[in-house]
Amino acid sequence: MKIINYFFITVFLSSGYINAQQLQGNAKANPINKDTRKMSIVDTCNIRVLYALNADNIYIPETYVDLQRLEIGNKLSKYYSFFVFNNDSLCTEWKIKHPLAKSAPSYLGPMGKKMYNWSEYKYSEYFKDYKTNTLTEYARMPYGAEPDCKYSEDIPAIEWSIENDTTTVIGYLCQKATCYFRGRNYTAWFTTDIPISNGPWKFGGLPGLILKIYDNDKLYTFECIKIENGNFTIRKYDHIKDNKNVNRQKLLKLQKKLNENYLRIVGAVSLNGKKMPDPVSYEPLELE
């Protein structure tokens with residue numbers, strides 16, 4: 001599945017126009033990297049779990065759409081793109097080393113097989129607060145779209161059917177479970193060897209950590225590739241407290257439109273007379 005099929009755009013702030021050269025499909029949305037010095041510690045954790053999103057080859061990170069990390073703390077958990085955070089960190093270090101530079105790179109680290117394409121599953125961060133039973137998504141929007149957004153909801157109470165089938169994921173014996181969640185049917189593999197009721201993205205609620213999960217159409221697959229144990233901090237960007245509050249359904253609709261037709265959503269025009277690209281097909285994780 002092609003989550004997004006975008007090409008690069010150049011934005012001229014003074015004119016308000018987009019130079020849509022080489023328009024052969026939808027233009028690639030360009031998120032702004034963040035300063036990792038402007039983060040606060042919100043919890044500590046002893047376990048971090050790395051998941052490959054839509055890997056062609058689980059052993060080759062360059063074939064992932066994204067590498068994502070789950071940090072499981074005492075008060076909350078955080079799920080986010082490690083590729084994006086690593087890129088933020090590298091760009092921040094570059095700016096520190098070049099304080100007099102008039103411009104700065106946007107990308108310095110590996111960003112997966114879809115390279116620099118924006119997707120809500122790469123550029124959103126998900127926090128689960130155990131005390132309030134709340135899940136909050138902080139959505140980093142692409143350039144020219146809505147400001148960065150956020151919404152909160154109850155941590156989803158997913159109804160699972162646990163089955164007898166087993167498999168092994170990174171050396172852990174896992175048991176099968178299935179569910180229907182917001183428009184899609186999923187198969188999950190969880191391990192009771194790690195009795196933590198959590199998993200990638202919004203998934204959780206099983207008597208063990210989910211190490212692999214995919215929808216029945218295999219459009220989205222999250223698979224654990226590494227578990228790290230130690231003493232870690234969980235940090236949150238300071239700016240996200242000011243993200244625009246939105247309704248979950250409204251944000252879902254906007255994210256879908258951005259994936260399908262970014263240029264038209266942001267009011268882009270072609271400066272070279274070429275036809276604006278047609279919308280592309282997009283299948284989000286949540287259908288309802």
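The values are calculated or read from the model by the stated rules, or taken from the named source; none is laboratory data. Please read these numbers as outputs of a predicted model, since none were measured by experiment. Using ideal geometry, Cβ is built from the backbone for each residue, glycine included, and neighbour counts are taken over all protein chains shown. With ligands, DNA and RNA removed, areas are computed over all heavy atoms of the protein, side chains included. Shrake-Rupley method; radii C 1.70, N 1.55, O 1.52, S 1.80 Å.
Let me test this: with uniform point scatterers at the alpha carbons of region 211-288, what is the Debye-based log₁₀ I(q)/I(0) at q = 0.19, 0.24 1/Å?
Here the Debye-derived log intensity ratios amount to -1.06, -1.12.
Using a 1.4 angstrom probe with every protein chain in place, what is the largest-first accessible-area order of Asp66, Asp165, Asp217?
On the way: Asp66 0, Asp165 80, Asp217 110 Å².
From most accessible down to least: Asp217, Asp165, Asp66.
Probe radius 1.4 Å, ligands and nucleic acids left out: which of Glu93, Glu137, Glu260 has the largest accessible area, and how do the rest follow? Walk me through the intermediate numbers first.
Working: Glu93 90, Glu137 5, Glu260 45 Å².
Putting Glu93, Glu137, Glu260 in descending order of accessible area: Glu93, Glu260, Glu137.
Run lengths n ≥ 4 of DSSP H only: what is the helix-derived mean residue ellipticity at 222 nm for the chain, with -39500 (n - 2.57) per run over all residues, to the nearest 500?
Details: 3 runs with 38 residues, N = 288.
Here the helix-only value at 222 nm equals -4000 deg cm²/dmol.
Roughly how tilted is helix 82-97, in degrees to the nearest 10 and between 0 and 90, from the longest Cα axis of the chain?
It works out to around 50 degrees.
In the P(r) worked out for the chain, what percent of Cα pairs fall beyond 28 Å?
The calculated P(r) of the chain puts 38 percent of pairs beyond 28 Å.
Before I look further, what does the chain give for accessible area per residue, probe 1.4 Å, in whole square angstrom? Working shown, then result.
On the way: 13880 Å² over 288 residues.
Here the per-residue accessible area is 48 Å².
Which residues' amide hydrogens lie under 5 Å from the amide hydrogen of Ser124, considering only partners 5 or more residues apart or on another chain, with H built in the peptide plane?
Those qualifying (amide H under 5 Å, at least 5 residues apart or on another chain) are Arg140.
Quick one: if the Förster radius is 41 Å, what FRET efficiency do Asp165 and Leu287 give, using the C-beta to C-beta distance and rounding to 0.05? Mind dumping the intermediate values first?
On the way: r = 26 Å, r/R0 = 0.63.
Efficiency for this residue pair is about 0.95.
Given R₀ = 35 Å, FRET efficiency for Ala101-Ser40 by Cβ-Cβ distance, to 0.05? Working shown, then result.
Values: r = 27 Å, r/R0 = 0.77.
Computed FRET efficiency for Ala101 and Ser40 comes out at 0.85.
Carbon and sulfur atoms: what percent of the 1.4 Å accessible area of the chain do they account for? Provide the component values of the computation, followed by the final result.
Values: 6820 of 13880 Å².
Here carbon and sulfur together make up 49 percent of the probe-accessible area.
So how much slack lies between Asp129 and Lys250, counting 0.36 nm per residue of separation and subtracting their Cα-Cα distance, in nm?
Working: separation 121, 0.36 × 121 = 43.56 nm, distance 2.24 nm.
In short, 41.3 nm is gained.
Which far-off residues, 5 or more places away or on another chain, put their amide H under 5 Å from the one on Tyr64, with H placed in the peptide plane?
Asp56, Lys113
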